[in-house]
There are 2 protein chains.
Amino acid sequence: MENLLVLQSGGPTAVINASLAGVIKGGHESPQIGKVYGGLNGIEGVEGGRLVSLEPLSDGKSLRLLRQTPSSYLGSCRKKLPPASEDDRPYKAIFKVLEAFNIGCVCCIGGNDSMDTVQKLSRFAEETGKSVRFVGVPKTIDNDLCLTDHTPGFGSAAKFVVGCMRQLAQDTAVYDIPSVTVVEAMGRNAGWLAGSAALANDSACTAADIVCLPERPFDKAAFLARVEELCKTKKSVMLAVSEGIRGKDGSYIYQGEAAKANDKFGHASLGGAGKAVEALIKGELGVKTRSIELSTLQRCFSASASLCDVDEAFEAGCVAVRLALEGSSGIMVGFERTSQDPYRIKLVPLDVNLIANFEKRVPDEMIADDGFGVTEEFIRYALPLISGEPDLLYRDGRLQLAPPLKREPRL
Amino acid sequence: MENLLVLQSGGPTAVINASLAGVIKGGHESPQIGKVYGGLNGIEGVEGGRLVSLEPLSDGKSLRLLRQTPSSYLGSCRKKLPPASEDDRPYKAIFKVLEAFNIGCVCCIGGNDSMDTVQKLSRFAEETGKSVRFVGVPKTIDNDLCLTDHTPGFGSAAKFVVGCMRQLAQDTAVYDIPSVTVVEAMGRNAGWLAGSAALANDSACTAADIVCLPERPFDKAAFLARVEELCKTKKSVMLAVSEGIRGKDGSYIYQGEAAKANDKFGHASLGGAGKAVEALIKGELGVKTRSIELSTLQRCFSASASLCDVDEAFEAGCVAVRLALEGSSGIMVGFERTSQDPYRIKLVPLDVNLIANFEKRVPDEMIADDGFGVTEEFIRYALPLISGEPDLLYRDGRLQLAPPLKREPRL
């Protein structure tokens, strides 16, 4: 009987452990699966033989706690495998470990870079005649994976952004003087999260007056004119900007120290778009302005997660196990929206070759003509993804978390 | 039949509207009270005759929405009345409005500065033979009001800090490299909020390794030695620092532009202690460090409020009306802890003269000897205050808010 291995990689989300819970449940309920192992720190840990049994997490209470524990329970990594044609040593090391643990299925929960791992390992297995199957489970708060309707992790991050905008809009409106609040949301190239700030607007509250996405060049003059106009009619103006907004010349609005440093994947490490916009408004318009960077809170705040997101993340984990057992490899579990009203989705296998290293940005028809907002189509698309509130376990006012794993090396 | 007036002032909290709901309910249920009015933007609005009827908010649904709507529903102000002996014009203007609206009781929901307003107006009323009674309802996330066991607003802000620490601790631990996270909490002179970060520690999670309060001088050398020591045994080190930490010479750790600007009450406008500590650690220890400023989110995040706090804030509003009707004036509703285990409190009238313009800091016995943490006594004191989760109303994934008030002037 073969065993199952599950990995997590890339940046954490509020629901990546819900997918882990789904994989564990799927594995334990499958008679074809012997043991379920977790690889520590993604593929890096597998290469080093650091696998742990997830047996202690298979009961209902542990799975429930995992579902509400943010971040990557098994740890993460930013390792990208070299092409096997250039250097096959990591591949050999990884498959040696997989054989030692009698692993037949590997579920990788992650984003774009993790799908690259699924792609490379499944191809190597095929080329070298190994029977191990590799299936990807999508996660990213950025919602930038191609082909799939959306990605687990986005809904909860969007809901946190929406909650912040709505509650900050109440907070900023209390004094009888004009003010501008700039909220900076994550999203390097794709403005899904910044755009979701617009979901904060309803009949009771206009909590996002302007939304700036990285998909549109940031036109300072037009932006300032718009803010000035808003300040004439509204005491407290609320803005959401993506960390990745760039000027017409393509340079980031904030080109400071942080932007110069590159992380291991060659992405610019951003931050400070909010501060830059704050300085711009203060300097040019002289209005009281405050910027708030939601920072990593937006990806880990499980306490206000979307139930839709948690449930879908869990389901994607279960389905990944089923697809691997059916013999699929080199695929990612994707979401297909089969109905808009009522919202319904179907989980489908997608070819990972068409996903890895591609990026889905907000399409034109979802961005307002002037570039300072999103369209009704965006709202209809995103609103169902933030719906529902999970029933969370607290003790003494503290969100309960899955107990830490004993992380001793196993090989 | 006399009418009731309620005001809100000072910085917003997650539960200041729960107190407003309590006052409205108390007023509507008292046969001696005719109408309940709200003053817009605190005493400033009263001086300008801007009173609105709160009749539309007296039904159960509206009161429930008010309970979960953060910030000051009636608006706020930072106005401080001059001593009447120096300038009695604002007093005359205010009492003229109170007479025009036949106001017999005024409930002021606010912090230290609002209690100064209660003190001055009640004294003026007494000296000039007016029958209007003034009762304070405490609120402040800083928990720095004297005589009362604690202050509504603190529990929910502390719970947000605790939630952030616990969830960020999960987020920062995912990579297999050492890192330090610095979370900056509000609190100019009193370290209650920064100290409450220590409540994040339990058997599943050590989410606050060091806590720095403004009550102790920040000793850079000792601090760095402690961080370095922690980094040897723990991959991801978590720190909470108060915005108000100062060096041995009394100067703020962050003495930038923001610190130079003074707000109208002469408080230094702070910010940046977290960034300063981040730079210190990076520079001196060369460890990967990230700082996160919780900013105004910590005072307005009703979505993770403490039920204990919401209930107590509401109750304080009800009791204020009762005390005013019984003829009390120049008092604040205070909390007396009558039992620690189980936690029980009693609401009592406190002389506002002993509260206004005083400040309660964290006492020595609640601060760890080395100044980098809090004692068990602090934990026992603060833990009950974050307990319980309110049953919140959401629609389409959005926290529902009280409908905006029509704010037309009434005089």
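In vacuo Debye scattering of the stretch B:88-179, one point per C-alpha: log10 I(q)/I(0) at q = 0.13, 0.15, 0.18, 0.25 Å⁻¹?
-0.60, -0.70, -0.86, -1.17
Cross-link list A:Lys220/A:Lys275; A:Lys120/A:Lys360; A:Lys220/A:Lys282: which exceed 18 angstrom alpha carbon to alpha carbon?
From A:Lys220/A:Lys275; A:Lys120/A:Lys360; A:Lys220/A:Lys282, over 18 Å: A:Lys120/A:Lys360.
So, with a 1.4 angstrom probe, what is the percent of accessible area on the protein assembly as shown that is carbon and sulfur? Provide the component values of the computation, followed by the final result.
Working: 14500 of 29910 Å².
About 48 percent, which is the carbon plus sulfur part of the accessible surface.
In vacuo Debye scattering of the stretch B:134-257, one point per C-alpha: log10 I(q)/I(0) at q = 0.22, 0.23 Å⁻¹?
The Cα Debye sum returns log10 ratios of -1.26, -1.31.
Relative to the longest principal axis of the C-alpha atoms of chain A, give the angle of the C-alpha long axis of helix A:16-29, reported between 0 and 90° and rounded to the nearest 10°.
Between the helix axis and the principal axis of chain A, the angle is about 30 degrees.
Provide, as a two-decimal number, the C-alpha radius of gyration of the stretch B:288-356 over 2.2 N^0.38 Å, N being how many residues it has. Walk me through the numbers before you get to the answer.
Details: Rg = 16.8 Å, N = 69, 2.2 N^0.38 = 11.0 Å.
The reported ratio for this selection is 1.53.
With every protein chain left in place, what is the accessible area per residue of the stretch B:23-177 in square angstrom, probe 1.4 Å? Before the final figure, lay out the partial values.
Numbers: 4770 Å² over 155 residues.
In whole numbers, the stretch B:23-177 has 31 Å² accessible per residue.
Over all pairs of distinct alpha carbons, what does the Kirkwood formula give as the hydrodynamic radius of the stretch A:1-114, in Å?
14.3 Å
For the B and A pair, go ahead and give the buried accessible area with a 1.4 Å probe, both sides summed, in Å² to 100.
Numbers: alone 17290 and 17290 Å², together 29910 Å².
Roughly 4700 Å² of accessible surface disappears when B and A pair.
Work out Dmax and Rg for the stretch B:311-411 from the C-alpha atoms and quote the Rg first, both in angstrom.
Taking only Cα atoms of the stretch B:311-411, I get Rg and Dmax of 19.1, 58 Å.
Any idea what the B:Asp370 label distances to the other copies are, label 7 Å down the Cα→Cβ vector, nm, shortest first?
With the label placed 7 Å along Cα→Cβ, B:Asp370 yields 5.7 nm.
If amide hydrogens are placed 1.01 Å from N in the peptide plane, which non-local residues have theirs closer than 5 Å to the one on B:Gly136?
Close amide H contacts, sequence-distant or interchain: B:Cys108, B:Ile331, B:Met332, B:Val333.
Quick one: work out the % antiparallel among DSSP beta bridges in the stretch B:34-157, nearest 5.
Details: 3 of 9 bridges.
Taking every DSSP beta bridge with both residues in the stretch B:34-157, the antiparallel ones total about 35 percent.
On a 0 to 90 degree scale, rounded to 10, what angle separates helix B:154-172 from the longest Cα axis of chain B?
30 degrees
Every other copy gets compared here: list the nm distances from the B:Ile177 label point (7 Å along Cα to Cβ) to its counterparts, shortest first, one decimal.
List, nearest first: 4.3 nm.
Assuming R0 = 25 Å, can you tell me the calculated FRET efficiency for the pair A:Met1 and A:Glu336, based on Cβ-Cβ distance, to the nearest 0.05?
Numbers: r = 33 Å, r/R0 = 1.30.
Computed FRET efficiency for A:Met1 and A:Glu336: 0.15.
Taking a label point 7 Å from Cα toward Cβ, how far is A:Asp219 from its twins in the other copies, in nm, shortest first?
5.9
Springs between alpha-carbon pairs under 10 angstrom, Gaussian network model over chain A: which of A:Tyr175, A:Tyr91, A:Tyr37 fluctuates most?
Among A:Tyr175, A:Tyr91, A:Tyr37, the largest mean-square fluctuation in the Gaussian network model of chain A belongs to A:Tyr175.
Taking R0 as 22 Å, what FRET efficiency do you get between A:Asp59 and A:Asp396 from their Cβ-Cβ distance, rounded to the nearest 0.05?
Details: r = 23 Å, r/R0 = 1.03.
That pair, A:Asp59 with A:Asp396, gives E of 0.45.
Per-residue ellipticity at 222 nm for chain B, helices alone: DSSP H runs ≥ 4 residues times -39500 (n - 2.57), over residue total, nearest 500 deg cm²/dmol? Don't jump to the answer; show the numbers that get you there.
Details: 13 runs with 142 residues, N = 411.
Using -39500 (n - 2.57) per qualifying helix, the result is -10500 deg cm²/dmol.
Largest first and in whole Å, what are the equivalent-ellipsoid semi-axes of chain A based on the Cα gyration tensor, each being the root of 5 times an eigenvalue? Show your work: numbers first, answer last.
Numbers: eigenvalues 319, 99, 68 Å².
Square roots of five times the eigenvalues give 40, 22, 19 Å.
Calculate the length of the line joining the C-alpha centroid of the stretch A:1-54 to that of the stretch A:130-171, in whole Å.
Centre-to-centre (Cα) distance: 20 Å.
How far is helix A:273-285 tilted, in degrees, relative to the longest principal axis of the Cα atoms in chain A, given as a value from 0 to 90 rounded to the nearest 10?
0 degrees
For the protein assembly as shown, what is the convex hull volume of the alpha-carbon atoms per residue, in Å³?
Numbers: hull volume 130.5 nm³, N = 822.
It is 159 Å³ per residue.
In chain B, which longest range has no GluC sites (Glu not before Pro) that are both DSSP loop (not H, G, I, E or B) and surrounded by at most 14 other Cβ atoms within 10 Å? The partial results should precede the final answer.
Values: sites that count: B:Glu86, B:Glu326, B:Glu359.
With a cap of 14 other Cβ atoms within 10 Å, the longest stretch comes to B:87-325.
The values are calculated or read from the model by the stated rules, or taken from the named source; none is laboratory data. Just so it is clear, the structure is predicted and the values come from calculations on it, not from any experiment. Using ideal geometry, Cβ is built from the backbone for each residue, glycine included, and neighbour counts are taken over all protein chains shown. Accessible surface is based on the protein model in full, side chains and every heavy atom, while ligands, DNA and RNA are left aside. Shrake-Rupley method; radii C 1.70, N 1.55, O 1.52, S 1.80 Å.
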